[in-house]
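Structure first, commentary second.
The values are calculated or read from the model by the stated rules, or taken from the named source; none is laboratory data. Here the structure is a predicted model, which is why all the values come from computation and not from measurement. As a convention, Cβ positions derive from the backbone with ideal geometry for all residues, glycine included, and neighbour counts pool all protein chains shown. Protein only, heavy atoms only, side chains kept; ligands, DNA and RNA dropped before computing areas. Shrake-Rupley method; radii C 1.70, N 1.55, O 1.52, S 1.80 Å.
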Amino acid sequence: MTNSQDTVTESRQEGSISGPHRIVEVGTTRYTLLGTAHVSAESAEDVRHLIRSGEFDAVAIELCDARHRHLSDPDALAKMDLFEVFRQGKAGMVAANLALGAFQQRVAEQSGIEPGAEMRAAMEEAAHHGLPLLLVDRDVGITLKRIQASVPWWQRTSLITGLLGSVMSRQEVTPEEIERLKEGDVLESTFSEFAAESKALYTPLISERDRYMVLRLAEQAPPGSYRNVLIVIGAGHMKGMVEHLEAPLPTEPQEERQALEVTPPPSRLWKALPWLITALVLIGFTIGFSRSPDFGWQLVTEWFLINGVLSGAATLLALAHPVTVLATALAAPLTSLNPTIGAGFVAAGVELWLRKPKVHDFATLRHDVTALKGWWRNRVSRTLLVFLFATLGSAAGTWIAGFRIAGALLGSGN
C-alpha cells in the first residue's frame, strides 16, 4: 500500500478551492478529504467546484441517516409520531436535537448562511451527476449517549445545563461561537470548551468519530472499489481521518464499527434504583401502619401531596392544559411506585389528547424554538416540555417525600 497526501491549501486561487484538503492514496483508490466550514458559503462552492470537475466517482459526507433525512426532507418533522417518541423514551433526545437545531437556526438568521450548506451542495451535485452518496458519520443520538456514558456522573449536570444554556439562554450568537462552528459541527462547537480539557468528552465526540468515519469508508468504499472518492467533512476531523487512512485499513471493519455504535447499558444499581425506592416507600408505609393507622395514613397522605403537588406544579410551569395538570398530580404518586411507567408519559399523553399539534406547529417548530418563549408557544415543543417537567417534578417529589417519610419514621421511633 502506498500513501501520499496533498498540502493544505489556505487561499483560493484561479480554478482551485479555498478550504483545506488532503489526498491519501490507498492502493488504486484516491481519497480526497475536503475540510469544510459548516457556516461558510465558500465551502459549499468548493464542494460544487470539485464534484463538477468530473474527477470523482463517489462522494462521502459527514452525515448519518437521520441527519440526511432531515436535510433532504423538509417535511421530516411533520412526520414525527410524538406518542411513539414518548413511548420509546426518546423525548429527551428529541428536545436536545431541537435545542441544537435552534442554535443552528439563529446562526443562519444572523450570518445569512445556512449551516450544512456544503452537505446540501454535496447531496445535490452527487444526485445531479449520478454519483454514489456515502453517509459515513455516526448517528448523533449514539454519540450523545456515549458522551453521557463516558463522562462521570457528577459532570453530566454541568454538561446538560451548559448545552441547554448555550442554545436557549440568549437570542444573539456571539462571533466566537460562529467561528467555532467553522471548525466543526454544532455538536462539537457546543461542547468545545469542555472537550478541550476532558478526554472523556473528546474521545466519543471527536476521536471516535474520526475512526468511525474511516471504518465506514472501509465498508462502503474500500480500496479498489472506486477510483477517486471525495470526502466532505468538517475541518476539525481532517487530521484524525488522514492519520487513520494512512494506517492500514482493516479488511473486516464491521466488528470495530459496531463496537463504536454500542451504547453502554445503565449500571445494575441504576436499573435497580427505582425498584429499590418503591420497596423502601412501601416498607415505610407498612411500618407506619404497624405503629398506628393514623400514622400510616399520615405517611400516605404526605406521599400523595408532595409528589402530586410538585409534579402538577411542574406541568403548570410548562403551561400544560388544566386537565393535564390535574391528571399529572393524581397519577404521579402512583407512577412513582410503578417503575414501568412515568408521570411524564401520562402527562404527555393527556396533553396530546387535549392539544394535538397541528400542521402549522410542525411547520414552524424549527423557528419557534430559537426563542425561549417559542418552546411554550409551539404545541410540539410544549408537549416535550410537559413530559420533561412532569418527569423532573415527579423525581423531585419522590426524593423529597421519601426523605420526609424516612424522617417521620425515625422521629416517631425515638
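A few points about this structure:
- Residue within the range 217-235 that is farther than 12 Å from residue 60 by Cβ, of a type in the set (A, V, I, L, M, F, W, C) and part of a loop (DSSP other than H, G, I, E, B) present: no
- For residue 329: the one exception among (1) surrounded by 16 or more Cβ atoms within 10 Å (Cβ to Cβ); (2) of a type in the set (A, V, I, L, M); (3) under 19 Å from residue 279 (Cα atoms): (3)
- First in the range 230-257 and open to solvent by less than 40 Å² (accessible area, probe 1.4 Å), second anywhere and part of a loop (DSSP other than H, G, I, E, B) and aromatic (Phe, Trp, Tyr), Cβ under 8 Å, 6 or more apart: 230/56
- Breaking point among (1) free of Cβ contacts under 8 Å to residues at least 60 places away in the same chain; (2) over 30 Å from residue 210 (Cβ atoms); (3) in contact with a Pro (Cβ under 8 Å, 6 or more places away or on another chain), for residue 274: (1)
- Options 39, 8: the member that is at pLDDT below 80, more than 17 Å from residue 231 (Cβ to Cβ) and among the β-branched types (Val, Ile, Thr): 39
- Among the residues of the range 369-383, at least one is farther than 18 Å from residue 85 by Cα, part of a helix (DSSP H, G or I) and not charged (D, E, K, R).
- The range 240-299: number of residues that are among the small types (Gly, Ala, Ser) and under 30 Å from residue 32 (Cβ atoms): 3
- One residue from 287, 283 being within 15 Å of residue 407 (Cα to Cα) and loosely packed, with under 13 Cβ neighbours inside 10 Å: 283
- Output for the range 49-85, where each listed residue is at pLDDT below 80, of a type outside the set (D, E, K, R) and assigned to a loop (DSSP other than H, G, I, E, B): 74, 76, 80
- Residue count, the range 17-31 (criterion: part of a strand (DSSP E or B), among the β-branched types (Val, Ile, Thr) and either open to solvent by less than 10 Å² (accessible area, probe 1.4 Å) or modelled with pLDDT under 85 (or both)): 3
- Test for residue 324: is it at pLDDT 95 or above and either under 30 Å from residue 279 (Cα atoms) or open to solvent by less than 10 Å² (accessible area, probe 1.4 Å) (or both): yes
- Number of residues in the range 369-414 that are of a type in the set (S, T, N, Q), open to solvent by 50 Å² or more (accessible area, probe 1.4 Å) and modelled with pLDDT of 90 or more: the value is 1.
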